[in-house]
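Everything below concerns the one structure shown next.
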Amino acid sequence: MEKSHQLPIWLFIGALLAVYGVIILVTGIVNWVNPPANPMAMSQLHPDVWWGLLITVIGLIYCVKYWPWKKSRPE
Amino acid sequence: MKKRIGLPALALSWIFAASCLAASEPAAGKTSSHLLTMSPVDLVIIVLYFLVVLGIGFYLKKYTHTGEEFFMAGRKMTAWIAGLSFISANLSSLETMGWSAMSYQYGMLGAHAYLIGAIPAILVLAVVMMPFYYICKTHSVPGYLKLRYGEASRSLAGISFSIMTVLVCGVNMFAMAKVMQLILGWNIHFSIWVSSITVAVYVALGGLLSAVFNEVLQFFLIWLGTLLIPILGIIEAGGWNQMIATINAAHPGQNFTSLWANLGSPADNPMGLHWTGQVFGLGLAISFGYWCTDFLQVQRVMAAKSLRSAQNGTVIGAVLKMMVPLIVTVPGLLGLAVLTQKSGITLVPEHVAQTTGGHSYNEVLPLMMSRYLGPGLLGLGITAMIAGFMSGMAGNVSAFATVWTYDVYRPLIHKRASDAHYVSMGRWSSIIGVFIAIGTAYAAMLFSNILIYLQVLVGFFIVPLFGVVILGMLWKRTSPAAGFWGFLTGIVSSVSMWIYIHFMPHGFDPVQLNPDHVKRLAFTPLAKDMAVNMYSAFWSLMITCIVTVAVSVLTRPKPDAELKDLVFGLTRLPDEGPCPWYRNPSIWALVVLAGLIAVNVIFW
């Protein structure tokens, strides 16, 4: 039986991380603009913004590198 | 086409119902005591995770038709995927939370589980044992016993491993439910059923391939969801050196920041442990048993596309394992430096917390999460915990399905069925295994300390298994009868030692330790549960090896022709083409070993 080309695991990881990164980044920006009444410890460093950005970049790198439709990839 | 649309729709409705129920739980239940409160953003992150995990299972079903594809993921994993899956299957949240608590309680001693308690064994698996597992093309560790010793040894290993995996899977479920109840106020039955049915669905659909895919994903989530805690914690503590200074100043006369300096005498450390127990009990018996012969672990790297990938994947696993203290030990130490010193929160043993209403050692990681992780990040942290529990469960379920189908069902119940029949049995046994595990999850509620319970199970079954497997691989004189009797004697002696140390003057008590009996086994009455388990494992390994050697001398070995590709000296490595130094597993194993020595010297 002939099988279709299997998507690499890295694409799933990249897509999920990119979505997570954007969600965390946007939430972080909102919290930066409108600080919550009870901030977390070390919130002055805005870890949600930087961590969200990092996760987005990692996710996008994986998505671009393993995007299956840009060219045929050998098995 | 209709069916393909229907399955994802079913998954969506399952997730939707589950998320609604989860969201309603905090409001409906008695939640005043839970540690964390999630925002809608956090809930979206968790729901997305469940959707992706189930989606991967549905997607991969079409790639798992044959037994080789379902049980061994087609043996096409690259070294990186095999290595990440190898470590992720072990990195359960039970372990991360448990060892963080251990670090708060005992300091750096807890990090030994990731150093001498893992790395030498993983490197031996990569360099010494993997060629035998891989070249004989067996489906499982009990399958190797069949080839090396015969059906009796395989059946004993298959049945004992099947029992152990469903017990451990159930314990993981219970632990996850308990943690979710503690930190989020979720209903315990809700957590057990949602997590277990999700794992059952994706493993039954995609077999080991699905489990491996999800484990690699879970590895990323566990690290990204947890790594921010030590980073922010160390910044808040004023740097690493300041953190150590704060801990030492707050605990005069106690040593929380050494790996070996306080192991000279059992009286010098709160575990009641001498260095001999650490080296020979944890570093030799438990570690080698777990990492070299527990099929849950070995299955991941046996699924690699070549022997070299399997070996390099295992070495990659060793490197990743050595990094885990960053997200486990450091948060525990930060608990001492930050929680106690800056917030005035002192953690206490579980039984004290239950009577006084304070926080227990086990809550150190959730407390650190609640300190640093705001909306969004908290959802990622909780997802990391759920992912950790589910990877542990899925590892057990996929290993159970393989061993049950190939090492119990096929040889003992239905010998000559088609490959499709065995794949179908694998899918059904994944689901049935999860339901049995749910039963054991409820049974686990009866035990007070589940980490100790897990260690005892490994000592019962896996340590004796390592004894007969390693002798079988390295000494061709080891006979089939010796393999069986050595293994059986090891199991019986482990169980007997456990009963012995819990046998009190008034009768058997599974919770209390008899100090007189502990002294005979561990050389000191000061030894606590974990220290006693280390010595018991060592004695069990010794008994297994002595009986195996003695019976081998008295019985007839297999002829050399039947030991080809199974024993050292009779196994020829396959020609996999030229191997540049940077792909040579032996070289990398030496580099990792040097790193291990350096870490131990630095934190002596």
Residue ID - farthest from B:G57 (Cα to Cα), chosen from residues in region B:388-419 that are free of Cβ contacts under 8 Å to residues at least 60 places away in the same chain and of a type in the set (G, A, S): B:A417
Meets criteria (over 30 Å from B:I135 (Cβ atoms) and either more than 14 Å from chain A (Cβ to nearest Cβ) or surrounded by fewer than 24 Cβ atoms within 10 Å (Cβ to Cβ) (or both)) for B:T402: no
Which listed residue, of B:G57, B:G74, is open to solvent by less than 10 Å² (accessible area, probe 1.4 Å), farther than 20 Å from B:L596 by Cα and part of a helix (DSSP H, G or I): B:G57
Selection count, region B:337-360, where residues are more than 26 Å from B:S39 (Cα to Cα) and touching a helix residue (DSSP H, G or I) at 6+ places or on another chain (Cβ under 6 Å): 4
Count of residues meeting criterion [open to solvent by less than 40 Å² (accessible area, probe 1.4 Å) and either more than 7 Å from chain B (Cβ to nearest Cβ) or not in a helix (DSSP H, G or I) (or both)] in region A:5-18: 7
Filtered residues of region B:577-601 (kept if assigned to a helix (DSSP H, G or I) and in contact (Cβ under 8 Å) with a residue 12 or more places away in the chain): B:R583, B:P585, B:S586, B:W588, B:A589, B:V592, B:L593, B:G595, B:L596, B:V599, B:N600
Given (1) open to solvent by less than 70 Å² (accessible area, probe 1.4 Å); (2) modelled with pLDDT of 90 or more, number of the condition B:L454 does not satisfy: (2)
Entirely in region B:350-415, the helices (runs of 4 or more DSSP H) that have 1 or more residues that are closer than 30 Å to B:T138 by Cα: B:377-403
Residue identified as surrounded by fewer than 16 Cβ atoms within 10 Å (Cβ to Cβ) and touching a residue at least 60 places away in the same chain (Cβ under 8 Å) among B:P480, B:P574, B:P525: B:P574
Residue match in region B:529-536 (condition: within 30 Å of B:G150 (Cβ to Cβ) and touching a Ser or Thr at 6+ places or on another chain (Cβ under 6 Å)): no
Candidates B:I386, B:I327, filtered to the one that is β-branched (V, I, T), buried (at least 21 other Cβ atoms within 10 Å of the Cβ) and out of contact with any helix residue (DSSP H, G or I) (no Cβ under 6 Å at 6 or more places or on another chain): B:I386
B:S309 vs. criteria among the small types (G, A, S) and surrounded by fewer than 24 Cβ atoms within 10 Å (Cβ to Cβ): no
Selection status of B:E95, more than 19 Å from B:A318 (Cα to Cα) and either open to solvent by less than 10 Å² (accessible area, probe 1.4 Å) or of a type outside the set (K, R) (or both): no
Selected residue [facing chain B (nearest Cβ under 10 Å), under 18 Å from B:N214 (Cβ atoms) and surrounded by 16 or more Cβ atoms within 10 Å (Cβ to Cβ)] from A:G21, A:G59: A:G59
Residues being assigned to a helix (DSSP H, G or I) and open to solvent by less than 70 Å² (accessible area, probe 1.4 Å) - total across region A:24-44: 6
First in region B:49-68 and more than 10 Å from chain A (Cβ to nearest Cβ) and more than 23 Å from B:W404 (Cβ to Cβ), second anywhere and open to solvent by 40 Å² or more (accessible area, probe 1.4 Å) and at pLDDT 90 or above, Cβ under 8 Å, 6 or more apart: none
Which numbered condition B:L378 fails, given (1) within 14 Å of chain A (Cβ to nearest Cβ); (2) farther than 26 Å from A:L53 by Cα: (2)
Matching entry among B:I436, B:I499 (being within 30 Å of B:L60 (Cα to Cα) and open to solvent by 20 Å² or more (accessible area, probe 1.4 Å)): B:I436
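The values are calculated or read from the model by the stated rules, or taken from the named source; none is laboratory data. Since this is a predicted model, take the numbers as computed values, not measurements. Note that we place each Cβ from the backbone using ideal geometry, even for glycine, and neighbour counts take in every protein chain shown. Note: accessible area is taken over every heavy atom of the protein model, side chains too, but ligands, DNA and RNA are not part of it. Shrake-Rupley method; radii C 1.70, N 1.55, O 1.52, S 1.80 Å.
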